[in-house]
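To start, the structure itself, in structure tokens.
The values are calculated or read from the model by the stated rules, or taken from the named source; none is laboratory data. From a predicted model like this one, the values you see are computed outputs, not experimental measurements. Methodologically, a virtual Cβ is constructed for each residue, glycine included, from the backbone with ideal geometry; neighbour enumeration extends over all protein chains shown.
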Amino acid sequence: MSEALEAGNHPYSRLTPDRVLDALASVGMFGDGRLLALNSYENRVYQVGMEDGPPLVVKFYRPERWTDLQILEEHDFVAELTEAEIPVVPALTIDARTLHEFEGFRFAVFARRGGRAPEFDRGDTLEWMGRFLGRIHAFGATRSYQVRPALDLASFGEEPRAWLIEHDFVPADLRTPWRGVIDQALDQVRRAYTQAGPLASLRLHGDCHAGNVLWTDAGPHFVDFDDSRMGPAIQDLWMLLSGERMAMSAQLSSILAGYEDFYEFDPRALVLIEPLRTLRLIHYSAWLARRWDDPAFPAAFPWFNTERYWQDRILEMREQIALMDEPWGMF
């Protein structure tokens with residue numbers, strides 16, 4: 001356990017503006033004092049104005065989340081995508097390294113890439129997004145991660161459920177109904193995986209939502225592969241869908257019109273769309289709970305861990321159980 005945790009303080013409490021600038025200076029990059037905190041809770045990410053040249057982005061990795069090898073494996077994947085002329089933002093290589101350390105903080109530096117939010121209500125935008133993901137997946141399927149974990153039932157469902165129970169986050173009067181509905185949902189997820197059969201597992205973006213995509217006139221680019229894992233391709237597709245089933249089917253059809261120009265879609269994976277959403281919801285509750293000692297989390301998520309929060313999660317799981325019973329079919 002770190003000294004900061006023993007003292008009752010979160011490690012990020014030591015990450016002052018001066019320390020951010022000193023970390024950059026340690027690799028020969030000198031900020032001019034202008035710091036803008038960017039929207040990130042898992043890590044701490046800052047846009048830093050530079051004395052010489054355009055602003056840069058520096059990411060300070062959450063202590064004890066990833067190992068150095070796991071971070072470097074993600075860096076290598078993004079670098080490979082860049083070499084293949086796929087529009088992503090790789091960590092800059094400084095003194096032959098992409099991962100650096102300063103006073104107990106590991107960090108990486110990135111070029112600043114601007115853009116606007118994608119308009120996912122447009123079919124042509126979704127088709128373009130499909131081409132983009134198809135290229136990433138075609139390349140991601142060429143090799144496997146060796147040290148980064150997989151996105152699967154065990155890591156996103158069974159382990160978070162066990163952690164929340166072990167750490168008594170669910171209120172006592174709701175624990176029995178919560179466990180019952182979670183166990184029923186996980187049983188359905190298991191059946192869905194059995195129904196789908198063996199699917200290819202590849203290197204994914206892993207957190208493919210609109211907030212991680214920036215759009216320019218040249219098209220989309222991802223700005224964050226921090227959650228990249230091995231998993232089924234459908235994981236990076238379903239997170240782009242929203243609305244009722246009919247609307248989502250139309251959106252997925254647009255995405256696949258571009259996606260299959262570069263990578264073949266396995267229709268057996270359709271049965272995993274709602275199960276994967278279910279796993280993400282379970283994992284999300286445990287993610288918030290694990291981070292509750294970070295002062296940024298109670299401030300940003302004041303509704304978490306209230307009686308109402310867990311009541312809503314029970315209702316949410318019941319809705320997911322019903323949705324997992326509805327067949328997707330092809331469109």
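How many residues, within region 309-331, are at pLDDT below 95 and either in contact with a Lys or Arg (Cβ under 6 Å, 6 or more places away or on another chain) or within 14 Å of ARG179 (Cα to Cα) (or both)?
0
Could we say that ALA185 is out of contact with any strand residue (DSSP E or B) (no Cβ under 6 Å at 6 or more places or on another chain), part of a loop (DSSP other than H, G, I, E, B) and among the aliphatic types (A, V, I, L, M) here?
Values: out of contact with any strand residue (DSSP E or B) (no Cβ under 6 Å at 6 or more places or on another chain): yes; part of a loop (DSSP other than H, G, I, E, B): no; among the aliphatic types (A, V, I, L, M): yes.
When the stated conditions are applied, ALA185 does not pass them.
Would a scan of region 162-181 turn up a residue that is more than 20 Å from GLU316 (Cα to Cα), in contact with a helix residue (DSSP H, G or I) (Cβ under 6 Å, 6 or more places away or on another chain) and charged (D, E, K, R)?
no
Within region 168-183, can you find the residues that are of a type outside the set (Asp, Glu) and either loosely packed, with under 14 Cβ neighbours inside 10 Å or closer than 30 Å to LEU72 by Cβ (or both)?
Residues satisfying the conditions are ALA172, THR176, GLY180.
Hey, does region 282-296 have a residue that's under 16 Å from ARG161 (Cα atoms), among the aromatic types (Phe, Trp, Tyr) and surrounded by fewer than 18 Cβ atoms within 10 Å (Cβ to Cβ)?
If we filter region 282-296 for residues that are under 16 Å from ARG161 (Cα atoms), which is where we start, we get 282-291.
Now restrict to residues that are among the aromatic types (Phe, Trp, Tyr): 284, 287.
Going one step further and asking which of them are surrounded by fewer than 18 Cβ atoms within 10 Å (Cβ to Cβ), we end up with 284, 287.
Within region 282-296, one or more residues are under 16 Å from ARG161 (Cα atoms), among the aromatic types (Phe, Trp, Tyr) and surrounded by fewer than 18 Cβ atoms within 10 Å (Cβ to Cβ).
Return yes or no: is THR82 of a type in the set (Val, Ile, Thr), outside the structural domain of TYR12 (by TED's automatic domain parsing) and surrounded by fewer than 19 Cβ atoms within 10 Å (Cβ to Cβ)?
Taking the combined requirement at face value, the residue does not satisfy it.
Considering only region 19-69, how many residues are among the small types (Gly, Ala, Ser), assigned to a loop (DSSP other than H, G, I, E, B) and touching a residue at least 12 places away in the same chain (Cβ under 8 Å)?
Counting residues in region 19-69 that are among the small types (Gly, Ala, Ser), assigned to a loop (DSSP other than H, G, I, E, B) and touching a residue at least 12 places away in the same chain (Cβ under 8 Å) gives 2.
If a residue must be assigned to a loop (DSSP other than H, G, I, E, B) and acidic (Asp, Glu), how many such residues does region 150-170 contain?
Residues meeting the conditions: 2.
Can you tell which of ALA108, ALA141 is under 27 Å from MET248 (Cβ atoms), touching a strand residue (DSSP E or B) at 6+ places or on another chain (Cβ under 9 Å) and aliphatic (A, V, I, L, M)?
Within the list ALA108, ALA141, the selection yields ALA141.
Out of (1) within 21 Å of GLU80 (Cα to Cα); (2) in contact with a Phe, Trp or Tyr (Cβ under 9 Å, 6 or more places away or on another chain); (3) not aromatic (Phe, Trp, Tyr), the odd one out for SER144 is which?
It fails just one condition, (2).
Per-residue answers, yes or no, for (1) under 30 Å from PRO87 (Cα atoms); (2) surrounded by 12 or more Cβ atoms within 10 Å (Cβ to Cβ); (3) touching a residue at least 24 places away in the same chain (Cβ under 8 Å):
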| residue | (1), (2), (3) |
| --- | --- |
| ARG116 | yes, no, yes |
| ASP152 | yes, yes, yes |
| GLU166 | no, no, no |
| PRO198 | no, no, no |
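Only one of VAL147, VAL109 is assigned to a strand (DSSP E or B), in contact (Cβ under 8 Å) with a residue 60 or more places away in the chain and in contact with a helix residue (DSSP H, G or I) (Cβ under 8 Å, 6 or more places away or on another chain). Can you tell me which? So that I can check it myself, show each step before the final result.
Numbers: VAL147 fails: assigned to a strand (DSSP E or B).
When all the criteria are applied, what remains is VAL109.
Give the residue, chosen from GLY134, GLY211, GLY206, that is closer than 24 Å to VAL78 by Cβ and in a loop (DSSP other than H, G, I, E, B). Explain how you work it out, then say what you get.
On the way: GLY134 fails: in a loop (DSSP other than H, G, I, E, B); GLY211 fails: in a loop (DSSP other than H, G, I, E, B).
One residue alone meets the criteria, GLY206.
Residue by residue through region 288-306, note down the ones that are part of a helix (DSSP H, G or I), within 18 Å of PRO171 (Cα to Cα) and free of Cβ contacts under 8 Å to residues at least 60 places away in the same chain.
Across region 288-306, the qualifying residues are LEU288, PRO298.
Applying the selection to region 233-248, what residues are surrounded by fewer than 17 Cβ atoms within 10 Å (Cβ to Cβ) and either outside any helix (DSSP H, G or I) or within 23 Å of the chain's Cα centre (by Cα) (or both)?
Step one: of region 233-248, the residues surrounded by fewer than 17 Cβ atoms within 10 Å (Cβ to Cβ) are 242-247.
Result: SER242, GLY243, GLU244.
Under the condition of being among the small types (Gly, Ala, Ser) and in contact with a Phe, Trp or Tyr (Cβ under 8 Å, 6 or more places away or on another chain), which residue from region 78-102 is nearest to VAL57 (Cα to Cα)? Full working, then the answer.
Residues of region 78-102 among the small types (Gly, Ala, Ser): 79, 84, 91, 96.
Now narrow it down to the ones that are in contact with a Phe, Trp or Tyr (Cβ under 8 Å, 6 or more places away or on another chain): 84, 91.
On the way: ALA84: 23, ALA91: 10 Å.
For region 78-102, the residue satisfying everything is ALA91.
Inspect region 103-110 for any residue being more than 23 Å from the chain's Cα centre (by Cα) and closer than 27 Å to LEU56 by Cβ and give the result as yes or no.
Scanning region 103-110 turns up at least one residue that is more than 23 Å from the chain's Cα centre (by Cα) and closer than 27 Å to LEU56 by Cβ.
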